[in-house]
1. What are the pairs, 6+ residues apart or on separate chains, where a residue within segment 194-214 that is closer than 19 Å to His172 by Cβ has its Cβ under 6 Å from a residue that is open to solvent by 20 Å² or more (accessible area, probe 1.4 Å) and of a type in the set (Lys, Arg)?
2. Return the residues of segment 180-217 that are aliphatic (A, V, I, L, M), assigned to a helix (DSSP H, G or I) and modelled with pLDDT under 80; say none if nothing qualifies.
3. Every residue in segment 142-179 that is within 14 Å of Tyr83 (Cα to Cα), aliphatic (A, V, I, L, M) and modelled with pLDDT under 90, please.
4. Out of the residues in segment 146-167 that are in a helix (DSSP H, G or I) and touching a helix residue (DSSP H, G or I) at 6+ places or on another chain (Cβ under 6 Å), state the one that is most open to solvent (accessible area, probe 1.4 Å).
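The values are calculated or read from the model by the stated rules, or taken from the named source; none is laboratory data. If you're wondering where the values come from, they're calculated on a predicted model, not measured in any experiment. With ideal geometry, Cβ positions are generated from the backbone for all residues, glycine too; neighbour counts draw on all protein chains shown. Ligands, DNA and RNA are excluded from the accessible area calculation, which covers all protein heavy atoms including side chains. Shrake-Rupley method; radii C 1.70, N 1.55, O 1.52, S 1.80 Å.
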Amino acid sequence: MSTLTALPPEIIQDSNLQTGSLHWFPHTDLHSLKKRVNQYKSEGLESLRIGINCADLQDESIDLEYDQLFRVLGDNFLLQPCYVNSFSLKPSGKSLAEIVEHHIHSFGDSFGWVELWRSSQDRQGITTDKDNIFSDRIVFTATLSKYFGKQVSLGGVQPGDFEWITNLICNHAHRSIRAIGIQNSASQEDANPLFLVNNLKSMIKAKQLDLEVWVSA
């Protein structure tokens with residue numbers, strides 16, 4: 001559950017959706033998927049944050065599995081897809097924007113938010129042109145998602161992302177982003193995200209920005 005201010009009423013879809021557990025469905029066959037759907041329904045769940053491994057989506061057969069995943073889950077729950085993990089650096093590989101655009105066009109009725117996570121490659125500066133923040137694939141994909149009518153959150157934010165977020169804000173590249181989700185994970189060196197939360201909230205207040213800050217599981 002978020003420790004911070006609730007979302008404005010006009011954009012609330014499900015208060016647990018933005019900050020709840022991230023559900024993974026790796027290589028799930030249809031029978032197993034329907035079994036999990038029935039399990040979640042019996043638990044009273046009406047919405048799911050689902051993890052999308054973009055590295056997997058360089059494989060066409062797995063791409064079809066994710067299509068099936070969206071189709072089945074979207075018929076039963078309100079979704080929030082979270083695009084996470086590393087990416088193929090092959091020139092022929094699918095970009096983050098291509099993956100997200102396909103899901104929006106094909107299954108966009110089942111979700112209102114797109115959550116974007118930076119990869120370890122991004123944090124190491126391997127794929128980002130620091131001199132042009134608008135070339136950053138997260139920024140480009142956020143802009144594209146907003147164009148297609150989706151709310152966008154940055155997910156899985158860690159202390160190492162603070163400089164990057166500051167750069168976004170200082171260069172006005174944050175305008176397609178509606179919220180920032182801090183990763184509350186025991187795997188981090190500092191499992192308590194409140195220090196980062198307070199820094200972000202202070203900067204947002206000083207800049208008078210319309211950005212929410214959440215703490216996500």
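1. Taking only residues 6 or more apart or on different chains, the pairs are Val213/Lys201.
2. Kept after step one, since they are aliphatic (A, V, I, L, M), are these residues of segment 180-217: 180, 182, 186, 191, 194, 196-197, 200, 203-204, 206, 209, 211, 213, 215, 217.
Okay, now just the ones that are also assigned to a helix (DSSP H, G or I), so 194, 196-197, 200, 203-204, 206.
Those that are aliphatic (A, V, I, L, M), assigned to a helix (DSSP H, G or I) and modelled with pLDDT under 80: Leu194, Leu196.
3. Scanning segment 142-179 gives a single hit, Val157.
4. Residues of segment 146-167 that are in a helix (DSSP H, G or I), as a first pass: 146-147, 159-167.
If we keep only those that are touching a helix residue (DSSP H, G or I) at 6+ places or on another chain (Cβ under 6 Å) too, we end up with 159-160, 167.
On the way: Pro159: 80, Gly160: 58, Asn167: 51 Å².
Restricting to residues being in a helix (DSSP H, G or I) and touching a helix residue (DSSP H, G or I) at 6+ places or on another chain (Cβ under 6 Å), the top hit is Pro159.
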